[in-house]
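Some notes on the structure that comes next.
A short reminder: the numbers here are calculations on the coordinates, not readings from a lab. All figures in this text were calculated on a predicted structure; none of them were measured in a lab. Note that we place each Cβ from the backbone using ideal geometry, even for glycine, and neighbour counts take in every protein chain shown.
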Amino acid sequence: MTVSDGSDWRPARATGNDPPMTSPFVRALMSGIAFASVIWIVGQTRTDVDIWGHVRFGLEILDARALHETDQYSFTSDRPWINHEWLSEVVFGAAWRAGGTPGLILVKLACAFGTLALVAGTLKQRGISGHPRLMLLGLTLIGILPRIAQVRPQIFSVVLFAALIRVFVYSEVRGTGALLWTIPIVVIWTNVHGGWLVGLGTVGLWCAGEAYALRTQRTRAVFALTCAAAAAVATLLNPYGVGLWQFLLETVRFGREGIREWGPVWSEPTTILVWGLFALVIVAALGRTTRPRNPATVIIPIVWGLLAFRVNRLDAFFALSVIGLLAEPVASFFRRRSSERDPLPRVWRAGGVAAALAVMLAVPMSRRAFTCIGFYTPRWPEPQVIEFMHNRQLSGRMVTDFNWGEYGIWHMPRSVKISMDGRRETVYTDRTVTGHLRFYTGTDEGLEYLQELDADYIWLPRWFPVLPLLEERGWIPIFEGPRSTVLARPGAAADANPPAIVTEEPPARCFPGP
């Protein structure tokens with residue numbers, strides 16, 4: 001069909017073979033609604049057990065302009081504090097100080113849409129546009145959404161992995177010199193999240209594949225391998241130097257008991273569905289692809305697919321590598337046989353997006369997505385327990401649940417020291433972590449470990465099996481709520497008063513609570 005020039009949006013009469021046309025107003029409105037819906041979906045944020053700590057530690061780094069070498073919050077920490085996520089925490093602390101909860105959510109949105117922008121650039125480099133590109137971006141969002149649902153350092157790993165894929169594809173067009181960009185990416189990654197091991201491994205695989213592809217051109221092959229070696233050396237540019245390598249080699253492993261994200265994909269319904277989707281995509285794509293010049297184009301998605309099957313938190317890397325490196329065969333499934341619609345002028349698209357965003361932000365229920373990091377599930381303690389601790393002026397050593405430790409660091413009196421929190425291996429040895437896990441379940445070894453702690457108080461979820469055993473051993477309940485129980489050892493000052501009993505269910509709350 002024919003269309004007029006850009007100054008007149010009205011189309012000429014459609015022929016029988018053309019797709020039905022919709023007015024620019026409706027198309028702009030639909031585009032705006034779609035874009036605003038994506039922002040709203042990505043903006044939905046739930047609490048992570050470590051968010052209180054990440055923000056608190058970031059604020060303290062900003063104030064002190066230095067990292068803590070020893071832990072000042074826990075009385076059981078028994079190893080030097082290797083804060084391998086310090087730069088993420090600085091960003092979170094600055095965002096909280098500048099904008100509160102909306103500031104934290106804005107950081108998350110920036111990482112999410114930064115990832116999509118990098119993927120879009122990769123697809124453009126591959127020559128993929130129109131409907132196929134939109135569909136691949138939609139798949140990308142599905143693949144990364146479970147890992148960007150919370151404000152946590154892992155969101156930086158997602159966007160930095162997408163940046164690596166962008167560099168790899170760019171280097172195929174611009175030459176191996178573009179691989180130098182992997183070095184600053186790895187340096188940043190090393191200081192924001194332990195997932196930099198994923199990035200470094202991916203750089204190594206790509207550069208090895210590039211050297212194989214260029215084996216007849218010795219100089220370029222050596223340069224590719226040199227880039228990988230330089231990226232490995234660049235990981236030493238962190239506050240701990242080689243100590244960071246030693247720490248991660250000791251702590252990053254399979255079978256981290258008590259953390260679902262380190263479990264297999266079948267541990268949660270969402271993860272197995274996402275992994276299964278991209279497993280089908282990669283199988284179908286490999287059936288349509290020809291032998292790539294660089295074998296890492298295929299090897300990298302397969303490697304991260306297999307590892308994500310064993311450790312489900314790697315699923316975003318699996319998804320990004322499939323979409324970025326196997327874009328052409330995946331896009332072939334979304335090619336339209338009919339002609340594409342005429343592109344909508346930018347002024348119409350911008351107007352539709354602006355209108356949809358304005359409406360969304362005007363509705364309180366929608367606006368909440370950008371102003372509240374919610375914790376709604378029964379896993380969190382009631383706010384009255386924090387009020388109780390302050391009113392009773394508790395002081396001393398308190399045995400805490402792994403999941404509630406950093407919540408307690410934020411809210412409890414500073415005179416109280418916790419026993420366990422989500423930092424786990426960064427401040428605790430395996431013996432301390434294992435001792436707590438055994439204590440929670442009420443094993444004989446766990447109860448013996450409690451004797452070693454010499455604690456004044458115990459604060460645990462009501463459903464923990466150890467609680468009845470503690471009362472049998474003389475521990476006195478001083479607070480009982482629908483979610484948590486606080487016990488004091490016999491003779492503690494706080495057990496002189498009657499126990500506080502709360503029966504009402506805790507409401508839905510927003511970070512930081514209580």
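Taking 4 °C and 1.567 mPa s as the conditions, I'd like the Stokes-Einstein D for the chain in µm²/s, using the Kirkwood hydrodynamic radius from alpha carbon pairs. Before the final figure, lay out each step's value.
Working: Rh = 25.7 Å.
Approximately 50 µm²/s, per Stokes-Einstein.
Suppose every K and R has +1 on its Cβ and every D and E has -1 on its Cβ; what is the size of the dipole of the chain about the Cα centre, in Debye to the nearest 20?
Dipole magnitude for the chain comes out near 2600 debye.
For the chain, build the charge dipole from Cβ charges (+1 Lys, Arg; -1 Asp, Glu) around the Cα centre, then report which of PRO514, THR70, PHE318 sits farthest towards its positive end.
PHE318
Rounding to the nearest 20 debye, state how big the charge dipole of segment 384-510 is about its Cα centre with +1 on each Lys and Arg Cβ and -1 on each Asp and Glu Cβ.
Result for segment 384-510 is approximately 340 debye, rounded to the nearest 20.
Exactly which GluC sites (Glu not before Pro) in segment 42-97 are in a DSSP loop and have at most 16 other Cβ atoms within 10 Å?
Those satisfying the criteria are GLU69.
Scan segment 430-514 for chymotrypsin sites (Phe, Trp or Tyr not before Pro) in coil per DSSP, keeping those whose Cβ has at most 15 other Cβ atoms within 10 Å, and list them by number. Before the final figure, lay out each step's value.
On the way: sites: PHE439, TYR440, TYR449, TYR457, TRP459, TRP463, TRP475, PHE479; in loops: TRP463, TRP475.
Taking segment 430-514 and a limit of 15 other Cβ atoms within 10 Å, the loop chymotrypsin sites (Phe, Trp or Tyr not before Pro) found are TRP463.
Residue by residue through segment 148-159, which ³J(HN,Hα) values in whole Hz follow from phi under the Karplus form 6.51 cos²θ - 1.76 cosθ + 1.60 (θ = phi - 60°), with glycine and proline marked x?
10, 7, 10, 8, 7, x, 4, 5, 6, 4, 5, 5
Could you derive backbone 3J(HN,Hα) for segment 77-92 from the dihedral phi with the Karplus parameters 6.51, -1.76 and 1.60 (θ = phi - 60°), listing whole Hz in sequence and x where the residue is Gly or Pro?
With coefficients 6.51, -1.76 and 1.60, one gets 4, 9, 8, x, 7, 9, 8, 6, 10, 4, 5, 4, 5, 5, 4, 5 Hz.
Hey, with R₀ at 25 Å, roughly what FRET efficiency would ALA508 and LEU106 work out to, going by the Cβ-Cβ distance, to 0.05?
E between ALA508 and LEU106, to the nearest 0.05, is 0.70.
Translational D (Stokes-Einstein, µm²/s) of segment 82-334 at 25 °C and 0.890 mPa s when Rh comes from the Kirkwood sum over C-alpha pairs?
So the translational diffusion coefficient is about 132 µm²/s.
Tell me which of MET412, ALA500, TYR449 sits at the most positive position along the dipole axis of segment 384-510, charges placed on C-beta atoms (Lys, Arg +1; Asp, Glu -1).
MET412
Could you work out the relative contact order of the chain? I mean the mean sequence separation of Cα pairs under 8 Å and 6+ apart, divided by the number of residues, in percent. Let's see the in-between values first.
Values: 780 pairs, mean separation 101.5, N = 514.
Relative CO of the chain lands at 20 percent.
Looking at the chain, which Cys residues are left with no other cysteine's beta carbon under 4.7 Å from theirs?
Cys with no partner Cβ under 4.7 Å: CYS111, CYS207, CYS227.
What is the dipole size for segment 82-334, taken about its Cα centre, with +1 at each Lys and Arg Cβ and -1 at each Asp and Glu Cβ, in debye to the nearest 20?
Dipole about the Cα centre, nearest 20: 560 debye.
Got a sec? Which residues in segment 168-186 would a label at THR219 touch, if it sits 7 Å along Cα→Cβ and we count backbone N under 14 Å?
Output list for this probe position: 176-177.
Between segment 136-162 and segment 186-246, what is the separation of their alpha carbon centroids in Å?
Distance between centres, Cα-based: 22 Å.
What relative contact order, as a whole-number percentage, does segment 384-510 give when Cα pairs under 8 Å and 6 or more residues apart are counted?
Working: 188 pairs, mean separation 27.2, N = 127.
Over segment 384-510, the number comes to 21 percent.
Using 0.36 nm per residue of separation minus the Cα-Cα distance, give me the extension gain between VAL363 and VAL242 in nm, one decimal.
Value of the extension gain: 38.5 nm.
Which of the peptides 90-103, 112-125 is most tightly packed, and how do the rest follow, judged by the mean count of other Cβ atoms within 10 Å per residue?
112-125, 90-103
If each residue of separation counts as 0.36 nm, what is the full-extension length gain between GLN44 and TRP463 once their alpha-carbon separation is subtracted?
Result for the pair: 148.0 nm of gain on full extension.
Mind checking which of ILE299, THR270, VAL347 is farthest towards the positive end of the chain's charge dipole, using Cβ charges of +1 (Lys, Arg) and -1 (Asp, Glu) about the Cα centre?
About the Cα centre, the residue reaching furthest to the positive side is VAL347.
Taking the mean number of other Cβ atoms within 10 Å as a proxy for protection, how do you rank 211-221, 269-279 from highest to lowest?
The peptides rank, most packed first, as 269-279, 211-221.
Taking 0.36 nm per residue of separation and subtracting the Cα-Cα distance, what length does fully extending ALA229 through ASP444 add?
Roughly 72.4 nm would be gained on extension.
With viscosity set to 1.567 mPa s at 4 °C, what whole-number translational diffusion coefficient in µm²/s follows for segment 364-425 from Stokes-Einstein and a Kirkwood radius over Cα pairs?
98
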